[in-house]
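Notes for the one structure printed next.
The values are calculated or read from the model by the stated rules, or taken from the named source; none is laboratory data. Treat the numbers as computed from the prediction; the structure is a model and nothing was measured. Positions of Cβ are generated from backbone atoms using ideal geometry, with glycine treated the same way; all protein chains shown enter the neighbour counts.
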Amino acid sequence: MQDAHATLSEKIRNAFRNRNISHLLMAILIGALSGYGAVLFKFVLKSMQWLFYHHSGEFLDFAHEIPTWMKIVMPAAGGLVVGLVVHFFAREAKGHGVPEVMQAIALRAGVIRKRVAAAKIFASAVTIGSGGSVGREGPMVQIGASIGSSVGQLLKVPTIHMKTMIGCGAAAGIAATFNAPIAGVLFALEIIVGDWGMTSFSPVVLSSVTATTISRYYFGDFPAFVIPDYNVVSLWEFCLYPFLGVVSGLVALSFTKTLYAFEDASDAARMIPEWLKPAIGGAALGVVIIFFPAAFGVGYGPMNLSLTNNMGFWMLFALIWIKILASAITLGSGGSGGIFAPSLFIGAMAGGAFGALVHGAFPEITATPGAYALVAMGGVVAGTTYAPITAILIIFEMTGTYSIILPLMLTCITATVLNSTISRGSIYTTKLLRRGIDIEGGRERHILRHMLVKEVMTDTVVTVPESATLERILWVFKTENAPYLHVIDEQGQLTGIISFRDIRPVLYEEDLLQLVIAKDLATTELETVTMDDTLQDALDKLTSRGVSQLPVLESATSRRLSGTLTEHALNTAYSQQLLRKEIDTKE
């Protein structure tokens, strides 16, 4: 019996040592912590809203009861608090959160400071609670990602797997916020992790399920929007949804451009202290709220009105641009909150307005405007995030309406293709591109950007003078066994390169052995690098020209040859650097 017990204990210990099992256990832990993080965030948010307005319901329901001065003073006061928290405690808490998570993965090996979760909970709760026109999902992504990173750091997860831990937290945050576990998984894999392999997929799924279970225990299992069961009225209606995709894409693009225009304006106002800017933005938002109360807060109330056909065309049309303005003011000035809910709001208004037009023109073959509002919600999300799969699934999970899935697919794909053609970056990656961070290359590009050619190059280089005959060139190729010969002039300046391909046409022409010289054969249109160029610059040139090595020059103003950089040396240096980072993390 004792031997059996010892064997069982050993099997349990071995199971915990297994990397896959340990990652799944960590995923459950991250999901649980993120789920309770969502519960805490919602509690703090409601508390802040009560503190500011003595109401805890939907803003639109009590906006008419609030004195005009309070609509300006309270968002300004909230902005002041947020500005102080962000400036003096955690600058990462500023803005919509997701780009900061992506940046941590790309540039800091997935390390997010532990204080970020607490700062984001408080800053976003104050922003939204005081009336900020932003959403809850971005904060919860960052809160969950911070929890995932903290767990990974605490348990000394290797660098290469930290991205999965952060993805677990991000998925849990979305799942718990929207009661949408599938969308949470897809959001994390499509936007945060960028890896659909089983080593990432399984932990992310488990974390999302865990967080959703906790969220449903406290908040119940209800869709975010309760709407009529819309159906496609006629097959002809499918012809309209690509046009709705175009409208959604253009509106989404307007949102992205406006948001960053306001950020630029805020950054340009250098005479104003950074901590004060959110307060000024809050006061400006208050002026908008006075005239358009629907822009108050997250905006689920107006969205429901659009989805249930209770808003007219002109109000729907106006609220598209009012919400874009309100969200851009809130985030552009330094507030803290997400862009997912504003995207849903803008989509509901744009789709409702589109639906009002087409249903008025073709009532027999089209659904009511609410159906188009529902579909456009996904279209605008897809057009801002460039994540159509997430957009499709989150609308389905938030509404429980499957009948609209085909129009939703058409609209989301159209919006994504259109916007990715017009603008390289999504609303998330644009923020990073503006900081000079190419997230598509991720951490790998960052490593190469911080290594110089002179650290990796070899000073062994095979040269021939411009006057070298073909016979001499053939002899050098044979004795040196080099893929390229570098042609230099009398001053030692590089003038060209000869490859074996260059001499193949005259290889068997014995009459030319003494007549053809290196200058005649050399390729003079060269890609070169200097000793102080980065390995990323070198990789870009190697890739664009399809060559296996590059000549290295002394400087940008000199053609004197210092050595060569081979693709093999670059890849070796990169692999060694990755290994060093992983060893450092383990230590």
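Data for the structure
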item	result
In the stretch 541-560, the residues that are surrounded by 14 or more Cβ atoms within 10 Å (Cβ to Cβ) and in a strand (DSSP E or B)	GLN549, LEU550, PRO551, VAL552, LEU553
Enumeration of residues in the stretch 540-558 that are modelled with pLDDT under 85 and not hydroxyl-bearing (Ser, Thr, Tyr)	ASP540, LYS541, LEU542, ARG545, GLY546, VAL547, GLN549, ALA556
Test: residue in the stretch 429-444 that is modelled with pLDDT of 70 or more, outside the structural domain of GLN514 (by TED's automatic domain parsing) and among the polar types (S, T, N, Q)	yes
Restricting the stretch 517-540 to residues that are of a type in the set (Val, Ile, Thr) and closer than 21 Å to PRO505 by Cα, the residue that is surrounded by the most Cβ atoms within 10 Å (Cβ to Cβ)	ILE517
Of the criteria (1) surrounded by fewer than 21 Cβ atoms within 10 Å (Cβ to Cβ); (2) farther than 22 Å from GLY144 by Cα; (3) in contact with a Lys or Arg (Cβ under 9 Å, 6 or more places away or on another chain), which one PHE52 fails	(3)
Residue in the stretch 230-241 that is more than 26 Å from ASN309 (Cα to Cα) and surrounded by fewer than 20 Cβ atoms within 10 Å (Cβ to Cβ) present	no
Residue, surrounded by the most Cβ atoms within 10 Å (Cβ to Cβ), within the stretch 475-506, restricted to residues that are out of contact with any helix residue (DSSP H, G or I) (no Cβ under 8 Å at 6 or more places or on another chain) and charged (D, E, K, R)	ASP489
SER202 under 26 Å from THR384 (Cα atoms), touching a residue at least 24 places away in the same chain (Cβ under 8 Å) and not hydrophobic (A, V, I, L, M, F, W, C)	no
Members of the stretch 219-257 that are in a helix (DSSP H, G or I) and more than 30 Å from the chain's Cα centre (by Cα)	LEU235, TRP236, GLU237, PHE238, CYS239
Counted residues, the stretch 394-428 - those being in a helix (DSSP H, G or I) and at pLDDT below 90	7
Residues located in the stretch 293-342, provided they are modelled with pLDDT of 90 or more, aliphatic (A, V, I, L, M) and touching a strand residue (DSSP E or B) at 6+ places or on another chain (Cβ under 9 Å)	LEU331, ILE339, ALA341
Residue within the stretch 354-368 that is in the same structural domain as LEU253 (by TED's automatic domain parsing), crowded, with 24+ Cβ neighbours inside 10 Å and under 29 Å from GLY173 (Cα atoms) present	no
Conditions (1) within 22 Å of ALA391 (Cβ to Cβ); (2) in a loop (DSSP other than H, G, I, E, B): number failed by MET140	(2)
Failed item, numbered, when TRP475 is tested on (1) at positive phi; (2) of a type outside the set (Ser, Thr, Tyr); (3) modelled with pLDDT of 80 or more	(1)
Inter-residue pairs, beta-carbon under 8 Å, first under 21 Å from MET409 (Cα atoms) and in the stretch 249-271, second of a type in the set (Ser, Thr, Tyr) and in a helix (DSSP H, G or I), 6+ apart	GLY249/THR414; GLY249/THR416; ALA252/SER343; ALA252/THR384
Checklist (1) over 30 Å from PHE62 (Cβ atoms); (2) part of a loop (DSSP other than H, G, I, E, B) applied to SER133, failing item	(1)
Residue within the stretch 320-333 that is under 30 Å from GLY282 (Cα atoms) and of a type in the set (D, E, K, R) present	yes
